[in-house]
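This report concerns only the one structure given below.
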Amino acid sequence: MGEMIEFARPDGSGCTGYLAPAGAGKPAVIIIQEWWGLNPQICGVADRFAEAGFTALAPDLYHGRVTQDPDEASHLMNGLDFPGATHQDLRGAVLHLRQQAGKVGVMGFCMGGALTIAAAVHIPEVTSAVCLYGIPPQDFADPAQIRIPFMGHFANLDDWCTPQAVDQLEQAMRAAGQKPEIYRYAAAHAFCNEQRPEVYDPDCAKLAMQRTLDFFGRTLA
């Protein structure tokens with residue numbers, strides 16, 4: 001089990017996050033929350049990564065606020081300073097882990113997936129990135145600008161991060177000379193969230209997580 005810690009942002013202020021250590025010298029991964037906040041489900045993801053041999057840090061982008069209500073979650077996400085979260089909270093988390101590990105990957109779900117792409121574009125210290133069903137506005141983070149190993153997991157039954165948007169992301173990256181690893185699943189949005197039985201698909205989730213662990217095993221070695 002991990003614990004809550006405080007780490008420094010580049011501007012000198014502090015941010016909290018859930019740290020699940022895997023041991024000295026292990027590779028490291030930032031886990032970015034869904035729009036619900038830093039809840040037990042996301043902390044559980046960090047714990048599973050630590051058990052798999054990756055020190056994991058999940059920054060608290062809502063600074064203590066967590067909800068189970070979709071309307072409030074939408075309000076919290078829409079009120080988030082995405083540039084600040086990327087350049088301060090997430091970069092601060094990456095820099096914190098780089099003190100312990102030479103390479104740091106980033107991954108996230110839904111809103112966190114969109115921020116994963118933003119981190120891959122804007123944070124130079126990120127080594128590799130895995131996005132799960134989230135794409136940011138192109139004017140904030142253009143996937144064609146990603147220059148690091150990138151994997152994406154997307155749902156074919158997703159009406160938020162639509163298959164058409166996924167096709168555009170892949171086409172933009174390939175047109176820019178990149179070789180993203182893109183996987184599509186016969187599942188709904190948030191299919192990896194075991195706390196949401198109405199959309200959770202255990203087989204797809206297991207496959208996506210194994211592909212993710214294998215990817216980070218290759219790119220963070």
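Of all the residues in the stretch 171-221, those that are at positive phi and not in a loop (DSSP other than H, G, I, E, B) number 0.
Here is a yes/no grid of residues against (1) at pLDDT below 95; (2) in a helix (DSSP H, G or I); (3) surrounded by 17 or more Cβ atoms within 10 Å (Cβ to Cβ); (4) charged (D, E, K, R):
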| position | (1), (2), (3), (4) |
| --- | --- |
| 17 | no, no, yes, no |
| 38 | no, no, yes, no |
| 45 | no, yes, yes, no |
| 48 | no, yes, no, yes |
| 58 | no, no, yes, no |
| 72 | no, yes, no, yes |
| 80 | no, no, no, no |
| 83 | no, yes, no, no |
| 89 | no, yes, yes, yes |
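Of all the residues in the stretch 162-221, those that are of a type outside the set (Lys, Arg), over 19 Å from residue 138 (Cα atoms) and either under 16 Å from the mean Cα position of the chain (by Cα) or at pLDDT 95 or above (or both) number 34. Give the residue that is surrounded by the fewest Cβ atoms within 10 Å (Cβ to Cβ), with candidates limited to residues of the stretch 138-154 that are part of a loop (DSSP other than H, G, I, E, B) and in contact with a strand residue (DSSP E or B) (Cβ under 6 Å, 6 or more places away or on another chain). Looking at residues that are part of a loop (DSSP other than H, G, I, E, B) and in contact with a strand residue (DSSP E or B) (Cβ under 6 Å, 6 or more places away or on another chain), I get 148. Hey, does the stretch 16-34 have a residue that's more than 18 Å from residue 101 (Cβ to Cβ), in contact (Cβ under 8 Å) with a residue 12 or more places away in the chain and of a type in the set (Gly, Ala, Ser)? No; the residues of the stretch 16-34 include none that is more than 18 Å from residue 101 (Cβ to Cβ), in contact (Cβ under 8 Å) with a residue 12 or more places away in the chain and of a type in the set (Gly, Ala, Ser). Given the structure, is residue 188 under 20 Å from residue 35 (Cβ atoms), buried (at least 16 other Cβ atoms within 10 Å of the Cβ), out of contact with any helix residue (DSSP H, G or I) (no Cβ under 8 Å at 6 or more places or on another chain) and free of Cβ contacts under 8 Å to residues at least 24 places away in the same chain? Criteria not met by residue 188. Being assigned to a loop (DSSP other than H, G, I, E, B), under 27 Å from residue 28 (Cβ atoms) and in contact (Cβ under 8 Å) with a residue 40 or more places away in the chain is a condition met by at least one residue of the stretch 155-170.
The values are calculated or read from the model by the stated rules, or taken from the named source; none is laboratory data. Please read all numbers here as calculations on a predicted model, not as lab measurements. Note that we place each Cβ from the backbone using ideal geometry, even for glycine, and neighbour counts take in every protein chain shown.
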